[in-house]
1. Once the cut-off is 16 Å, how many percent of the Cα-Cα pairs in chain C end up in the long-distance tail?
2. How well do other chains shield peptide C:38-49, expressed as the mean number of their Cβ atoms within 10 Å of each residue Cβ?
3. Let me check the size of chain A from its C-alpha atoms; what are the radius of gyration and Dmax in Å?
4. Kindly provide the helix-only [θ] at 222 nm of chain A, computed as the sum of -39,500 (n - 2.57) over DSSP H runs of four or more divided by all residues, to the nearest 500 deg cm²/dmol?
5. Which residues in region B:11-42 place their backbone N less than 16 Å from a point set 7 Å from the Cα of B:N271 along the Cα-to-Cβ direction?
6. Highest mean first, how do B:131-137, B:33-39 rank when packing is the count of other Cβ atoms within 10 Å averaged over residues?
7. Testing the spin-label approximation: label points 7 Å from Cα along Cα→Cβ at B:K48 and B:S318. State their distance in nm.
8. Report ³J(HN,Hα) in whole Hz for each residue of region B:327-337, in order, from the Karplus equation J = 6.51 cos²θ - 1.76 cosθ + 1.60 where θ = phi - 60°; Gly and Pro get x.
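Coordinate-derived values only; no laboratory data. None of the values given here were measured: they were computed from a predicted structure. Note that each Cβ is placed from the backbone with ideal geometry, even for glycine, and that neighbours are counted across all protein chains shown.
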Amino acid sequence: MENDKIKMTVKEYSEYVESKAKKSPIIKNMIFAFISGGFICVIGQVITNISMYYEIPAKEAATISTVILIFLGAFLTSIHVYSRIGKYAGAGSIVPITGFSNSIVAPAIEYKSEGFVLGLGANMFKIAGPVLVYGIFSSFVVGFIYWLVLFVR
Amino acid sequence: MKIGKQTIKLQNTPKILETSSTVGPKESAGPLGIYFDIKCSDVFYGEKTFEKAESKFMKSAIDNLLYKLNIPTEKIDFVFAGDLLNQCIASGYCIRDLNIPFFGLYGACSTFVESLILSSLFVNAGYGDKVIAAASSHFCSAERQFRLPLEHGNQKAPTAQCTVTGCGAVLVVPNSIEKKVPMVTYVTPGKIVDMGIKDMSNMGAAMAPAAFDTIVTHLKDTERKPEYYDAIVTGDLGKEGTDILIDLCKNYGVDISKVHRDCGKEIYDLNLRDVNAGGSGCACMATVFSSFFYQELKEKRLNKILIVATGALMSPISIGQGESIPSIAHAAAIENEV
Amino acid sequence: MFMEYLKVFITGGLICTIGQVLIDKTKLTPARILVVFVVLGVIFTSIGIYKPIVDYGKAGATVPLSGFGYALANGVMEAVREKGFMGIFTGGVTATSAGITAAIVFGYLGAVVSKPKLK
């Protein structure tokens, strides 16, 4: 695979490229991720607290907060605002649950041109699908081990 | 006639009679904005999908080319064209409406020079006297195919590049045509070079070795030094790839730093946030050559240039399977008559 | 109350910052990062180390995707306690059913009403 004129092995070339590549401004990115991620979580807590103020039990209040955040992520994506936030926020927009709904709406908008079933429908989970697969699968594994521990003594 | 390892001397020196370029909003607003023929402010170009829009950019470039020369499409012998999309649908659906015998090409971002090489070889051999070479790309359709959806809240790496939206088209004619226009003198088709880079967000690093290989082979085959050329212009190595290319050449004993230019670095203002390492895509070389560099040649501010378009021959599937990014670079020497 | 929000802010911010380090220092794509967070959320909850983080940070620990894993793990463990073997199948998805349905419904609607645009 190596080129006869370039006097480097693949590994050496890779190291050379790494040393030359412009690095992301990691400290700046970490600060923005911290602030934006923290802020989205605070919004979630505010929604939960408001629900509990209206005497909704804690578990349902948390669910309401999750649902509203998912709605916000989807809404902001559909009006082309979420991607702008994401450019600065980085992980602060990907890691919260709003990032989950963003990753569902974003591909679906583009693939709409291929129809509602095979275009929009099939591509909604292009990025978010693995979250459900591996999340549910790992909960199954945990459940199985837990069952073994509890019932098979 | 083949000379050296992989260069072909075009003994009948075909001419590039005219060029045409269409670009999208970002390119229109860039440093080379004034040079492009048709500047579209709508990335959809009035169409419903990105793919249809890209076809329209190509149709508009070719129509404009023929309009400038007052030649009807029936008089065109062949067209060599390509783009980045799967099955080259942007080119295919565009040429469908033009009724010209068509060679669809895929060289990733090297397609424009690949088209120009084949068009020139055809005319040089007398197989046609009006042959069009064209290539297009579109930021949105390329992002959809190769990367993440537009609305996804992700950050691009500083080494990433921005696909150019637009199309460049040229008409190649025999030397016997009575106009003094730039000629294609030598062409050097490239070999695929793969130095094991797997990072799709650093294409410059993946493609620089291919550009290096083609450039030094061309210089050796033609027994020319870099200084022979007023400019050695790569397509889309961007900031990262340019630095690497110059280093690789220096290590080999060839200094191209004084004459090297890169279309990807010139088409956008590199200080803008979204642009990162510069422009890329077939249209990068196609539009910048068909506008800016062609004009520089016609007005004799440059008289001899070597254009080297680079392409990364991977797909999302091969990357997903853990493969590295093989690249290729094709070169063509374009010179004014002495 | 301010203290409560401060704890939420710090916890959520830190978890997202870990994600940012993964983006900048590794070649992990967003999809893989989401998977890492969810699965770690499930695992840490099952071995008992995520609950203290939730107690301290509340929404700061439940809003990030690791919180989705927390809900999945708690759901399955509760279902196994109550229903035995079948709980392994029902618990996770039941606990996160509202989130999954919301994601599908709002995701679909959001995509339907939106036109593709260049950013």
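1. 68
2. Across the residues of C:38-49, the mean count of other-chain Cβ atoms within 10 Å is 4.
3. 21.9, 75
4. Taken over chain A, the calculation gives -24000 deg cm²/dmol.
5. B:30-32
6. B:131-137, B:33-39
7. About 3.4 nm separates the two model spin labels.
8. 10, 9, 9, 10, 10, 9, 8, 10, 10, 7, 5
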